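Undergrad: For reference, the structure I am asking about is given below.
The values are calculated or read from the model by the stated rules, or taken from the named source; none is laboratory data. Bear in mind the structure is a predicted one, so any value in this text is a computation, not a measurement. Glycine gets a Cβ as well: all are built from the backbone with ideal geometry, and neighbour counts include every protein chain shown.
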Amino acid sequence: MAQMLDIINVTSVSIALPDIMEQVGYKADQLQWVISAYALAFGALLLTGGRLGDLFGHRFIFLIGVTWFSIWSVVNGFANTPIVMSIGRALQGMGAAFTIPSALAILTTTYPVGPERTKAMGIFGGAGAIGSVFGVLLGGVLGSTIGWRWIFYITAILGFTMVAMGYFVIPPKKGESTIVDRRIDYLGISAFTIGIVAVIYSLSEAPAHGWSAASTLAPLCVGLFLLVAFVVIEYKIDYPIMPLHIWRSQRLVASCLTVICNAAAINVMLFFTILTLQNVQDYSALNASFAFIPHGVGATMTVVAVSKIVLHVRTKIIIIIGWLFFIASGILFAQIKEDSSYWSVTFPAMVLNFLGHASIWLCCQINSVADAANEDQGVVGGVFNVILQIGAPIGIAISNIIANRRNAPDAKDVKVKPTKVIDEELGDDSGRYPDGLETGTVRSSEISEIKDIKDVKESNKVKEG
């Protein structure tokens, strides 16, 4: 349920972005912070949340995290200014970062390696896929009826319900820490948190300002320096937040490398697909979101099926087959044109995509924690989820460069315009940005880029005609 609640929170809010911008007072180039503030805090604190669960008990940290998440969900429901909403979203992301690794660790410490753990992790993954579908419906229905604020009120109600259920259902001794030395590595936490925020921020801002801009290079250099310093700190300190011995597991290393590539690729595929549906095929934001419902439903079914198949087939084979499906889906997504049929092109691409992605993700999740000792389950879960968070901005940043060079008539002369310039050119239409799903969250700067590229392509057609 924790996994589902986190995904619901992201997808439903993404659908409601236009209404939030209008009623809270965000400018078009500020709207990204409704999503980015949450994502940055979540990604930066996953490792810390996981390790604190190892040190002080996963049940305790889980209940604290869900409570914190729910409190700030209520605050966000009452927010009337961008600053209150952005801070509230960041603090809500902090709660989620303390919740997800501990929820996963409770599962992995409850069930030993084998069929029962695999089944439990399949349910855990399936809940996330269900949350994606439910979030789209919740955001669309509430946004068009009683209002977007009820998205936060309902997630708060679900969160407080989960706290009550967790308090009575999870045994008090379940997830208790066995670590004697419970000193906290504040220096390591600071270096990692600031470093990962700086890197993710830099990758996210590059599309709007360019790779050579100081606003991109400065945080990137600072972030990379702090992450290197973090590794040195963890090597020297006696009570590291991330014990380096976890990287002796070849399965963890392989899983992280695989999943960062997959996370980058799926974010790019779904990001550009939802923009194509809206900007090229003229889908409304809500209809484009509904078009992705089969993806969430199919991913849920695939995760459940793979959790049974993996008992009889090696994960390596399933991952290879998953990549074949995934690559085929990318080729098919690339064929979507203005007059393409949803059922003949988009839908088959989604089927191949969820078959591949869900298979890869579940197998990597299973492998990542397979070699971890009970006292390291939280930190390993945190590391795995941090990798997932990093994959998205990396994928969007790389695709930004490729799209710019591929679609421009003279790549060396075309630059993506900063958001402010685009806003000035669009005038009253500057706020009419499409919005997307959790895996393809649309930011104003990135949409400006797509519009810029689209204008170039249309002008080329006029010249050719």
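Undergrad: For the stretch 175-193, state whether one or more residues are modelled with pLDDT under 90 and aromatic (Phe, Trp, Tyr).
TA: no
Undergrad: Next question, about the same structure. Determine, yes or no, whether Gln389 is part of a helix (DSSP H, G or I), modelled with pLDDT of 90 or more and out of contact with any His (no Cβ under 8 Å at 6 or more places or on another chain).
TA: Judged against the criteria, Gln389 is not a match.
Undergrad: Being at pLDDT 85 or above and more than 19 Å from Val304 (Cα to Cα) is the filter here, so list the residues in the stretch 101-121 that pass it.
TA: Residues satisfying the conditions are Pro101, Ser102, Ala105, Ile106.
Undergrad: Can you find even one residue in the stretch 347-369 that is polar (S, T, N, Q), closer than 14 Å to Gly126 by Cβ, assigned to a helix (DSSP H, G or I) and at pLDDT 90 or above? Break it down into steps so the answer makes sense when it comes.
TA: Of all residues in the stretch 347-369, those polar (S, T, N, Q) come to 353, 359, 365, 367-368.
Next cut, closer than 14 Å to Gly126 by Cβ only: 359, 365.
Those left that are additionally assigned to a helix (DSSP H, G or I): 359, 365.
If we keep only those that are at pLDDT 90 or above too, we end up with 359, 365.
Looking for residues that are polar (S, T, N, Q), closer than 14 Å to Gly126 by Cβ, assigned to a helix (DSSP H, G or I) and at pLDDT 90 or above, one finds at least one in the stretch 347-369, hence yes.
Undergrad: Return a yes/no flag: does the stretch 81-91 have any residue that is surrounded by fewer than 24 Cβ atoms within 10 Å (Cβ to Cβ) and under 19 Å from Gln3 (Cβ atoms).
TA: No, every residue in the stretch 81-91 fails to be surrounded by fewer than 24 Cβ atoms within 10 Å (Cβ to Cβ) and under 19 Å from Gln3 (Cβ atoms).
Undergrad: Looking at the stretch 193-237, which of its residues are part of a helix (DSSP H, G or I), farther than 19 Å from Ser36 by Cβ and touching a residue at least 24 places away in the same chain (Cβ under 8 Å)?
TA: Answer for the stretch 193-237, where residues must be part of a helix (DSSP H, G or I), farther than 19 Å from Ser36 by Cβ and touching a residue at least 24 places away in the same chain (Cβ under 8 Å): Leu224, Phe225, Leu226, Leu227, Ala229, Phe230, Ile233, Glu234.
Undergrad: Does Gly147 satisfy being touching a residue at least 40 places away in the same chain (Cβ under 8 Å) and surrounded by 23 or more Cβ atoms within 10 Å (Cβ to Cβ)?
TA: So Gly147 fails the test.
Undergrad: I would also like to ask the following. Which one is farthest from Asn353 (Cα to Cα) among residues in the stretch 267-320 that are in contact (Cβ under 8 Å) with a residue 40 or more places away in the chain and among the aromatic types (Phe, Trp, Tyr)?
TA: The selected residue is Phe290.
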